[in-house]
Ligand code: CMC
């Protein structure tokens, strides 16, 4: 009692027990419910992965169909959320709108707010997984001044999202199977990553018994920063700023300069001190998508050369800095036609299942306690107060 460990940034603190996701950072291993991420990204659909994360195991065919139907039943958002959007400036950052609208869901779905009830928690998780694509697409449509597109339940999860993003009343968006697959794979690769900053934020917010929509809004807020989910947007902006391979050494030197705050975006990870297995799949996927869509993007050449030079540089080798999942994801999203300022919303959409699965796991634990870290106080010692008057 009275003693605690000082661990800023929680480098050596395990905050909970969890059976959802396993990471071995030294070996570059990522497993969801025991299944390797590369196998999931190759052969499973995102909704299968959602089932695993939330319900504990891979679904069989019947379970999958039931899960998919349940998610599809919940894709529409309350009509008043459409009105709610109109309070935003139309040049608002989509993450600002997403943060606000996810939080506002607690004012629309009151019946989900009994967080001690298992079935209510599951229903709320289903609602969130189902409605996030709708909200994210609405953020985009609101930004560009087009009417919102209602969800279509005859389409797959990824195809429905693409349809809500890119259809206009005059013309339905033609979904290419390659794009649908690439979108689904991006969702899968971002679905969960154990106790990262945003998931820990969701758990900490939820540990007080706060409602799940407010907790997920807290997760969205934490994800937004460039050191976390904002890295995909920052990475593409960086590749664009570099522009051509001959400028790479200048940026590598900046990243190594202690007096320059610049970092190579999409490089480094708190846990992976080896290749990020998600980055390996994303790199392959990037080549595949660009080939199938017949897109020649000079940014891919910049990215590949940057990766090559950085991996040969002793600075990056010594600090064990490798490309992370966001290094190549931006190029894929750009090829699909998604604007850069939407990238972090796509990450939030994908990670919602991870956040809510962790929240549900935490709330199901009878030993669950409010999260309450301590501090090392560095302020004044006790002194006498003199009234201002
Ligand atoms: N470029 C240049 N130097 C770097 C980079 C980088 N991208 N990342 C870390 N370093 C250096 C850093 O300067 C420090 O050097 P020193 O020991 O001399 O002070 C050392 O490597 C360790 O860095 P750190 O900040 O103490 O490491 P961390 O574990 O706290 O940070 C990180 C991890 C991801 C925040 C960091 O690597 C970073 O800022 N990367 C760029 C942003 C990025 O790509 N983030 C996405 C992470 S993956 C997606 C997600 O899960 O959100």
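Side notes on the structure shown:
- Once Rg and the Kirkwood radius are both taken over the C-alpha atoms of the range 232-336, their ratio Rg/Rh works out to 0.95.
- Gained length - residue 79 relative to residue 369, 0.36 nm times residue gap less alpha-carbon distance: 100.7 nm
- Gaussian network model of the chain, springs between alpha carbon atoms under 10 Å - residue of 350, 176, 200 with greatest fluctuation: 176
- Note on the range 276-338 and the range 1-28: Cα centroid distance 29 Å, given to the nearest whole angstrom.
- Relative intensity of the chain on a log10 scale, I(q)/I(0) at q = 0.11, 0.12 Å⁻¹, equals -0.81, -0.96, per a Debye sum over C-alpha point scatterers of equal strength in the absence of solvent.
- Taking a ≥ b ≥ c as the square roots of the eigenvalues of the Cα gyration tensor, the range 1-127 is oblate, since a/c reaches 1.5 or more and a/b is not larger than b/c.
- Sum of -39500 (n - 2.57) over DSSP H runs of 4+, divided by residues of the chain (222 nm, nearest 500): -17000 deg cm²/dmol
- Comparing 329, 107, 207 in a Gaussian network model of the chain where C-alpha atoms under 10 Å apart are linked, the largest mean-square fluctuation is found at 107.
- Extension gain from residue 5 to residue 70, taking 0.36 nm per residue of separation minus the Cα-Cα distance: 18.9 nm
- Alpha carbon centroid spacing (whole Å) that separates the range 348-374 from the range 47-86: 19 Å
- Computed lengthening from residue 377 to residue 19, 0.36 nm per intervening residue step minus Cα-Cα distance: 125.4 nm
- Under 14 Å from a label point set 7 Å out along the Cα-to-Cβ vector of residue 304, the amide N atoms of the range 245-273 belong to 245.
- Prolate/oblate/rounded call for the range 90-181, Cα gyration tensor, a/c under 1.5 rounded: oblate
- Percent of Cα-Cα distances greater than 19 Å, calculated over the range 120-271: 67 percent
- Residues considered: 277, 249, 94. Largest GNM mean-square fluctuation over the chain, using C-alpha springs under 10 Å, is found at 249.
- Debye intensity ratio I(q)/I(0), log10, the range 162-212, q values 0.28, 0.32 Å⁻¹ (C-alpha model): -1.02, -1.13
- Taking label positions 7 Å along the Cα-Cβ direction at both residue 271 and residue 90, the computed distance is 4.2 nm, reported to one decimal.
Each value in this text was obtained by applying a stated rule to the coordinates, not by laboratory testing. What you are looking at is a predicted structure, and each value in this text was computed from that prediction instead of being measured. Glycine also receives a Cβ, built like all others from the backbone with ideal geometry; neighbour counts cover every protein chain displayed.
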